[in-house]
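A short write-up of the structure that comes next.
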Amino acid sequence: MQEINGIQMRISYNKLWKLMIDKNIKKGQLQAAIGVSKGTMAKMGKNENVSLSVLLSICEYLNCDFGDIIEAIPEDKCEVSQTPYYLSYENRYQKVYAAGATCWGHSPDDEILIKALSKWVADNNLQGKPIIEYACGEGSCGIILSKLGCIYHGVDIAPTAVEKSKSVLNDFSYATVSQLDMVNEKVAGEYDAALDVMGYHMLVTDADRQKYLKNVYDSLKLGAHMLFFRESYRTDAYDGVVNSFAEWKIISGSDYETPEKRSVTNNGHNIEVLIPLVPARARTKDGYIREMTAAGFVIDDIVEMDINMQCPYSASIYVHKAV
């Protein structure tokens with residue numbers, strides 16, 4: 001990082017990733033072609049400096065100039081930031097509630113969700129046992145699981161969601177909620193089961209997904225089950241590595257800055273509001289299997305869901321921690 005005219009500047013390789021996508025060149029191909037290590041590729045993925053000889057090799061291989069693969073951008077515009085991209089969900093919660101909505105995500109009356117959780121609890125004998133929900137949102141699953149007799153604890157990075165969950169779960173004496181960055185922080189203790197409803201897919205970089213799965217895995221007892229419910233799923237989902245949010249925005253073709261019109265609930269009635277887009281990364285069935293098994297989970301089942309309002313194209317992944 002350098003200071004230019006009083007502004008802290010950092011190198012960015014966004015132009016390189018875009019050029020590679022346009023030329024249909026994978027990162028592995030580039031690495032092999034220019035003869036560099038995975039560490040060097042990782043440095044570029046983090047917008048860190050690499051040697052001039054590496055940049056020259058890239059230009060030679062892609063038949064381009066320096067300005068086609070790198071640029072200097074202000075530090076405050078750089079991908080490297082203290083605020084994780086997935087905290088954008090907090091902004092969405094605030095916008096939804098400011099518009100008068102009482103519920104954004106899935107509701108405690110969702111019959112498909114109730115049926116799935118009821119069967120999951122019964123099949124794995126989870127009544128009376130502690131269950132943790134990651135990315136708990138507004139507490140709907142906490143209500144369902146508490147009614148099923150489970151000892152519930154929910155965590156979420158968004159302060160507004162945490163406060164909402166605490167409010168709706170106030171009448172359940174065995175339900176608790178706390179704020180947690182599920183990628184960079186670990187929960188205390190171990191649980192008999194874990195749940196993630198539409199939370200895992202909000203992590204778009206491979207590193208964040210791997211760190212999250214490790215944290216989840218470490219929070220479970222041996223043999224404990226986990227359900228990833230309604231995670232974004234597509235048969236044609238991007239199957240390569242994603243090193244940064246900036247890179248994902250190029251791959252997905254979205255800047256996540258243009259609001260979208262969505263139908264949300266206001267005291268039992270649907271209202272249309274403009275709310276910010278939030279990141280989400282779909283996976284193929286094989287992609288989910290690779291991620292889960294690499295984290296140490298045993299795959300029990302993967303169920304493709306019917307098209308639904310919450311996440312139109314989705315799948316539920318049933319896994320457990322080996323004994």
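Bear in mind that the values in this text are calculations on the coordinates, not laboratory data. Just so you know, these numbers come straight off a predicted model, no measurement behind them. Here Cβ is always computed from backbone atoms with ideal geometry, including for glycine, and neighbour counts include all displayed protein chains.
Mean-square fluctuations from a GNM of the chain, with a 10 angstrom spring cutoff on Cα atoms, peak among LYS43, LYS164, LYS23 at LYS23. Taking only the C-alpha atoms of the stretch 2-77, Rg followed by Dmax gives 12.6, 39 Å.
Once backbone amide H atoms are built at 1.01 Å from N, ASP300 has TYR318, VAL319, HIS320 as its partners under 5 Å, excluding neighbours fewer than 5 places away on the same chain.
Here's how it looks for VAL242: its modeled amide H is under 5 Å from those of ASP206, which are all 5 or more places away or on a different chain. What the Cα convex hull of the chain gives, in volume per residue, is 150 Å³. Expressed as a whole number of Å, what is the distance separating the alpha-carbon centroids of the stretch 162-190 and the stretch 212-241? For the stretch 212-241 versus the stretch 162-190, the Cα centre distance is 20 Å.
So the label point goes 7 Å from the Cα of GLN127 along Cα→C-beta, right? Which residues of the stretch 189-204 then have their backbone N under 18 Å from it? Taking a point 7 Å out along Cα→Cβ of GLN127, the residues of the stretch 189-204 whose backbone N falls under 18 Å are 192-193.
Under a Gaussian network description of the chain, with springs only between Cα atoms under 10 Å, the residue in ALA282, ALA193, ALA207 that fluctuates furthest is ALA207. Note that the stretch 148-164 has calculated 3J(HN,Hα) couplings of 7, x, 8, 8, 9, 9, x, 10, 7, 7, 7, x, 5, 5, 4, 5, 4 Hz, one per residue in order, obtained from phi through the Karplus relation 6.51 cos²θ - 1.76 cosθ + 1.60 (θ = phi - 60°); glycine and proline are x.
Relative to its residue count, the stretch 69-190 spans a Cα convex hull of 161 Å³ per residue. In terms of Cα atoms, the Rg and Dmax of the stretch 154-224 work out to 12.8, 39 Å. Computed from the alpha carbon positions, the gyration tensor of the stretch 126-191 leads to an equivalent ellipsoid with semi-axes of 18, 15, 8 Å, biggest first. Taking a Cβ cut-off of under 14 Å around LEU113, the surrounding Lys, Arg, Asp and Glu residues balance to a net charge of -4, with basic ones at +1 and acidic ones at -1. Sorted from longest to shortest, the spans of the Cα atoms of the stretch 108-265 along the three principal axes equal 46, 38, 29 Å.
Here VAL183, VAL162 are placed in order of increasing Cβ neighbour count within 10 Å, fewest first, which gives VAL183, VAL162. FRET efficiency for the pair ASN270 and ALA42, taken as 1/(1 + (r/R0)^6) with r the Cβ-Cβ distance and R0 = 41 Å, rounds to 0.35. Exposure proxy ranking for CYS59, CYS150, based on other Cβ atoms within 10 angstrom of each Cβ and starting from the fewest, stands as CYS59, CYS150.
3J(HN,Hα) couplings calculated from phi for the stretch 179-194 with the Karplus curve 6.51 cos²θ - 1.76 cosθ + 1.60 (θ = phi - 60°) are, in sequence order, 7, 7, 7, 5, 8, 9, 10, 10, 7, 8, x, 10, 10, 7, 6, 9 Hz; Gly and Pro show x. Here the simple spin-label model places points 7 Å from the Cα toward Cβ, and for GLU111 and ASP22 these points are separated by 5.1 nm.
If I take every Cα pair under 8 Å that is 6 or more residues apart in the chain, average their sequence separation and divide by the length, what percent do I get for the relative contact order? Result for the chain is 16 percent. Residue exposure proxy: PHE229, PHE297, PHE66, ordered by other Cβ atoms within 10 angstrom of their Cβ from fewest to most, comes out as PHE66, PHE297, PHE229. Starting from the 7 Å offset along Cα-to-Cβ, what nm value, one decimal, do you get for the label separation of PHE66 and SER51? For PHE66 paired with SER51, the spin-label model returns 1.7 nm. When the chain is treated as a Gaussian network with alpha carbon springs shorter than 10 Å, the biggest mean-square fluctuation among HIS269, HIS201, HIS106 belongs to HIS269.
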